[in-house]
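Note sheet for the following structure.
The values are calculated or read from the model by the stated rules, or taken from the named source; none is laboratory data. Just so it is clear, the structure is predicted and the values come from calculations on it, not from any experiment. Neighbour counts are summed over all protein chains in view; Cβ atoms, including those assigned to glycine, are modelled from backbone coordinates with ideal geometry.
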Amino acid sequence: MLNTKTAHELIDLLNKGQITQNEILSDLKSQIKKTEPKIKAYAHAPNNSEPVNKDSFLKGIPIAIKDNICTKEALTTCSSHILDGFIPPYDATVIERLKEKGAVIFGKTNMDEFAFGSSCETSFYGPTRNPWDLKRVPGGSSGGSAAAVAADEAIWALGSDTGGSIRQPAALCGIVGLKPTYGRVSRYGLIAFASSLDQIGPITKDVYDAALLLNIIAGHDERDSTSVDIKADDYLSCLKKDVKGLKIALPKEYFIKGLDKDVEAAIKEAKNKLEKLGATFKEVSLPHTKYAVAVYYILATAEASSNLARFDGVQYGLRCTGAKDANPMITMYKQTRGKGFGSEAKRRIILGTYVLSSGYYDAYYLRALKVRSLIKKDFDDVFKEFDCVLTPTSPTAAFKIGERLDDPLSMYLSDIYTISANLAGIPAISLPCGLTKDKLPIGLQILSGPFKEENLFRAAYAFEQNTDWHKIKPDIKV
């Protein structure tokens, strides 16, 4: 089955003339027909794809796209009722770059509404399920992309990461997820959650594909004012099977009470493997880590409140009309937003509006910005001496559907190990490093300094190629 292969394996087979694009699409659609009714990874079903230039680099290899990345003439709804029927008139920059290389856009994946969540349960279209255990969540908010790749319903996918939304689902689904440095990949065409935190990145079956995909989507874009004009490396050239001389920090704040014992054991085993391969380790302190969750949920909700003000039923998406009172426009706004947004979106809009309001701005928002700068300084200081930082991706493996839905704080703590990278603007990757006693995937997170993705790829590839965790597939019960 060609749908089980990686993109780079398929490129090789296509170049040799041993397979065709149609054969890849046929195998993908066959797998989707079999497993999608149970997993529900897609918000909008894959289209019948048009043939592409056979001489292009990707030769028509399909890629799944998270439902908050604009695709011309294809539904893009952020898995929210308020964007019902919205079809963008343009492609996001990352989509343009994929099409230029000959990729086929293959469906829009399910997600937490507007990326608000860590479980893919807040989608208007219903929850996505984890291929490893259909009673458990795939993580979020890019849960649909992660589940599709893990279930071989996609060759690879794009997600977005605001506080861990690529890495955490990748960890829970046993695949690779990369959040690039803030500014490395254009956000033009990404429907914003929190503009100072969001980044688009790869979700793939192995580290090689993550490097390959970043090669395609990275680079300066003048249409995005936050895009940084720094030349991107050829990340494939960074893939080496040893890490001799690499200095890696272990932050003590990430190995404390609340970390699952199976996860802790797997991370320590991964550390030992990297040590045998030539890396050196030293314990360090990132003292402001304990403030990361609080800071994140002040800043992210404030930015979300501002960004989501544009969804009011006037220009696009859902519009609730019929009010015949003295002020029908205000009533239309209220009804549209009241019916269009789900409960988690409403919660974050209310929280964000509160922290930005007169009398609370200095006490919450301004103070959170100051602490964010301290969190960034912690990492800056560590990266003066070290090439990478090694941590768990998630404190636990996948939890059961519904288990945390009525406990927002417990849900927010799912991202406790991933949030800091977004606040500091640094790159981070998650890759599989073990299984729990219940045979659920465990994710290893590696972080590096700004625009030092090459260090991530070197460490991640060496670990992956000297272990077999990335080869283990879920046994999907259909």
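Is region 159-180 home to any residue that is under 18 Å from residue 39 (Cβ atoms) and touching a Leu at 6+ places or on another chain (Cβ under 6 Å)?
no
Residue-wise test of (1) among the basic types (Lys, Arg); (2) touching a strand residue (DSSP E or B) at 6+ places or on another chain (Cβ under 6 Å); (3) in a helix (DSSP H, G or I).
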residue	(1), (2), (3)
320	no, no, no
325	no, no, no
334	yes, no, yes
338	no, no, yes
345	no, no, yes
349	no, no, yes
362	no, no, yes
371	no, no, yes
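Every residue, every condition in (1) touching a residue at least 60 places away in the same chain (Cβ under 8 Å); (2) aromatic (Phe, Trp, Tyr), yes or no:
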{"residue": "188", "(1), (2)": "yes, yes"}
{"residue": "220", "(1), (2)": "no, no"}
{"residue": "245", "(1), (2)": "no, no"}
{"residue": "250", "(1), (2)": "yes, no"}
{"residue": "257", "(1), (2)": "no, no"}
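In region 205-263, what residues are closer than 23 Å to residue 432 by Cβ and small (Gly, Ala, Ser)?
Selection gives 210, 211, 249, 258.
Taking the stated definitions as given, is residue 73 closer than 24 Å to residue 406 by Cα and not basic (Lys, Arg)? Outline the logic, then answer.
Numbers: closer than 24 Å to residue 406 by Cα: no; not basic (Lys, Arg): yes.
The answer is no for residue 73.
Of the conditions (1) farther than 22 Å from residue 196 by Cα; (2) in contact (Cβ under 8 Å) with a residue 40 or more places away in the chain, residue 419 fails just one. Which one is it?
Among (1) farther than 22 Å from residue 196 by Cα; (2) in contact (Cβ under 8 Å) with a residue 40 or more places away in the chain, residue 419 violates only (1).
Can you tell me which of 32, 61 is at pLDDT 95 or above, more than 20 Å from residue 206 (Cα to Cα) and among the aliphatic types (A, V, I, L, M)?
Of the residues listed, the single one that is at pLDDT 95 or above, more than 20 Å from residue 206 (Cα to Cα) and among the aliphatic types (A, V, I, L, M) is 32.
Residues of region 415-444 being more than 12 Å from residue 390 (Cα to Cα) and part of a loop (DSSP other than H, G, I, E, B), which ones?
Those that are more than 12 Å from residue 390 (Cα to Cα) and part of a loop (DSSP other than H, G, I, E, B): 416, 425, 426, 427, 436, 437, 438, 439, 440.
Considering only residues that are in a strand (DSSP E or B) and small (Gly, Ala, Ser), look in region 170-204 and name the one that is farthest from residue 302 (Cα to Cα).
Within region 170-204, the match that is farthest from residue 302 (Cα to Cα) is 177.
Look through region 368-402, keep the residues that are small (Gly, Ala, Ser) and touching a helix residue (DSSP H, G or I) at 6+ places or on another chain (Cβ under 6 Å), and return whichever of them is farthest from residue 267 (Cα to Cα).
Across region 368-402, the extreme among qualifying residues is 368.
Given the residues 330, 349, which is the only one that is buried (at least 19 other Cβ atoms within 10 Å of the Cβ) and over 28 Å from residue 392 (Cα atoms)?
Details: 330 fails: buried (at least 19 other Cβ atoms within 10 Å of the Cβ).
The match here is 349.
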